[in-house]
Amino acid sequence: MSTIFHKIINREIPADIVYEDEHLLAFRDIAPQAPVHVLFVPKVDVATLNDLPRGQPELVGRLALAAADYARREGFAEDGYRIVVNCNGDGGQTVFQLHLHLLAGAPLGRFGTTL
Ligand code: 5GP
């Protein structure tokens, strides 16, 4: 499976990369929904949260820790932030490589529903 995020991981298209390690890449969202909007993406292929291998919960844990570390480094951990993982159609997922959104930099409204 190749998505736009795989192309970013493979440096086939550019992105504003803010963090990388052997397991994951973090880069700024091209259409930010908050003053800070960074995506944390694992390097292994996992299309959606539904596809997270049961034996590899650390895969999501690493994304969460990387996001919390980033928030601390950038100085907004205490002010706060939001982590979002969209899954499939009703969740609003548009890129089918698992990713965690980190949103911060201003008080965020309650997250939306159609209810
Ligand atoms: P999803 O809707 O799947 O949860 O989130 C996908 C996110 O990827 C969206 O917020 C969208 O703005 C972002 N995005 C889509 N294409 C690109 C791209 O080429 N580069 C970057 N940096 N972000 C992208």
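Here, each number is a calculation from the coordinates, and none is a lab measurement. Predicted model, so just to flag it, every value in this text is computed and none were measured. Cβ coordinates were reconstructed from backbone atoms using ideal geometry, including for glycine residues, and neighbour counts include every protein chain displayed.
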query: Gap in Å between the Cα centre of region 57-80 and the Cα centre of region 9-53?
result: 13
- prompt: Which of Gln56, Gln97, Gln33 moves most in a GNM of the chain, Cα contacts under 10 Å?
  reply: Gln56
task: Would you kindly state how much longer the chain becomes between Thr94 and Asn50 on full extension, computed as 0.36 nm times their sequence separation minus their alpha carbon distance, in nm to one decimal?
output: 14.4 nm
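Show that you can apply the helix-only estimate: for the chain, add -39,500 (n - 2.57) for every DSSP H stretch of four or more residues, divide by all residues, and state [θ] at 222 nm to the nearest 500.
-6500 deg cm²/dmol
Give me Glu78, Glu58 sorted ascending by neighbouring Cβ count inside 10 Å, so fewest comes first. List each step's numbers first, then the result.
Details: Glu78 7, Glu58 10.
In increasing order of surrounding Cβ atoms, one gets Glu78, Glu58.
Please state the relative contact order of the chain as a whole percent: Cα pairs under 8 Å, 6+ residues apart? Write down the numbers at each step before the final one.
Values: 152 pairs, mean separation 34.4, N = 115.
Relative contact order of the chain: 30 percent.
How would you rank Leu59, Leu100, going from fewest to most other Cβ atoms within 10 Å of each one's own Cβ?
With the fewest neighbours first, Leu59, Leu100 line up as Leu59, Leu100.
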